[in-house]
Amino acid sequence: MPILLGLFFFISGASIASFLCNLSTRLSKNEQVSRGRSHCDHCGKNLSWYELIPIISYLFLRGRCHSCRKKIDVSYTLTECILGILFALSGLVWHQSIYATLPEPQAWLMLAFWLVNASLFTLISYHDYRHFLILDRFVAAGTILNLVLLALLYQIQMLTYIAAGGLNALFIGLIVLATKGKGMGEGDIKLAFLIGLVTGFPHNFTALFLGFVSGACIGVILIISKKKTSKDIIPFGPFLSFGAVTTLLFGEQILAWYLRSFIIF
Ligand SMILES: [Zn+2]
């Protein structure tokens, strides 16, 4: 049963990721989102139905376009895998810990809240990775959607979530001021607000902490392996987003582990 449930969520996540990557690419080229078939980035040939199946089509075509044989960008397929895994994890954790404990409407709302945010942060990260830009309209739409979900989930208590967002924005804002905008910018401040909003106090700090630690680790690895130099811009959105989705699913465990290991000996 858990395997089937995980598989169902994985396929749903991978399919949604396929749509989100397409949305990001079209927005970056100012193409209309609803018009036209998906096509190859190199030769412009419309893709047939079997070239649109997430992950499988990439493996089937061995990573190359069917007509021009040029390489298909692997970040597309990786994003489908990542959101597939996030959906599967969300579904399994939800089934194990939330479904049995929360009353009916609340439990389903929590699942929606997790899946919406897994999709949202994947979209923001993919766009930032490809185009070095955290799009305001993604963050704004995500903020509005989350305000509605939080109001339904927590009613008046949602104010503490807004305050946690404010704390995060203040924290990143001070870093931007201190570093005069080198490395992090205005987009990161808005994203930090969104992350605090969805994770709430004290997990807003857990999420930022994970974002900084993962960013520093990958940054050092990229510099040591000479893939980047310390002067290159490394988009920070994906790391902040990683912190957010990990905290949403496992925040309690991570915070408990951290306090046990480093604060109370
Ligand atoms: Zn092609």
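The values are calculated or read from the model by the stated rules, or taken from the named source; none is laboratory data. Please read these numbers as outputs of a predicted model, since none were measured by experiment. Cβ sites come from the backbone with ideal geometry, for glycine too, and all protein chains shown count toward neighbours.
Evaluation of residue 57 against the conditions (1) among the small types (Gly, Ala, Ser); (2) more than 10 Å from the ligand (Cβ to nearest atom); (3) surrounded by fewer than 15 Cβ atoms within 10 Å (Cβ to Cβ); (4) free of Cβ contacts under 8 Å to residues at least 24 places away in the same chain shows that the sole unmet condition is (3).
Every residue, every condition in (1) at pLDDT below 85; (2) hydroxyl-bearing (Ser, Thr, Tyr); (3) more than 30 Å from residue 155 (Cα to Cα), yes or no:
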residue	(1), (2), (3)
3	no, no, yes
13	no, no, no
34	yes, yes, yes
50	yes, yes, yes
72	yes, no, yes
80	no, no, yes
92	no, no, no
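Looking at the range 136-158, which of its residues are more than 18 Å from residue 109 (Cβ to Cβ) and either outside the structural domain of residue 186 (by TED's automatic domain parsing) or over 13 Å from the mean Cα position of the chain (by Cα) (or both)?
Selection gives 136, 137, 140, 141.
The set of residues in the range 210-245 that are polar (S, T, N, Q) and buried (at least 19 other Cβ atoms within 10 Å of the Cβ) contains only 241.
Given 28, 24, 38, which one is in contact (Cβ under 8 Å) with a residue 12 or more places away in the chain, touching a Phe, Trp or Tyr at 6+ places or on another chain (Cβ under 8 Å) and either within 25 Å of residue 138 (Cα to Cα) or in the same structural domain as residue 149 (by TED's automatic domain parsing) (or both)?
Values: 28 fails: touching a Phe, Trp or Tyr at 6+ places or on another chain (Cβ under 8 Å); 38 fails: touching a Phe, Trp or Tyr at 6+ places or on another chain (Cβ under 8 Å).
Sole residue among the options that is in contact (Cβ under 8 Å) with a residue 12 or more places away in the chain, touching a Phe, Trp or Tyr at 6+ places or on another chain (Cβ under 8 Å) and either within 25 Å of residue 138 (Cα to Cα) or in the same structural domain as residue 149 (by TED's automatic domain parsing) (or both): 24.
Per the listing 78, 4, the residue uniquely loosely packed, with under 12 Cβ neighbours inside 10 Å, outside the structural domain of residue 253 (by TED's automatic domain parsing) and free of Cβ contacts under 8 Å to residues at least 24 places away in the same chain is 4. Somewhere in the range 218-226, is a residue modelled with pLDDT of 90 or more, among the small types (Gly, Ala, Ser) and in the same structural domain as residue 124 (by TED's automatic domain parsing)? Checking the range 218-226: not a single residue is modelled with pLDDT of 90 or more, among the small types (Gly, Ala, Ser) and in the same structural domain as residue 124 (by TED's automatic domain parsing). Scanning the range 60-75 for residues that are free of Cβ contacts under 8 Å to residues at least 12 places away in the same chain and in a helix (DSSP H, G or I) gives a single hit, 60. If residue 101 meets every condition in (1) part of a loop (DSSP other than H, G, I, E, B); (2) hydroxyl-bearing (Ser, Thr, Tyr); (3) within 16 Å of the ligand (Cβ to nearest atom) apart from one, which number is that one? Among (1) part of a loop (DSSP other than H, G, I, E, B); (2) hydroxyl-bearing (Ser, Thr, Tyr); (3) within 16 Å of the ligand (Cβ to nearest atom), residue 101 violates only (3).
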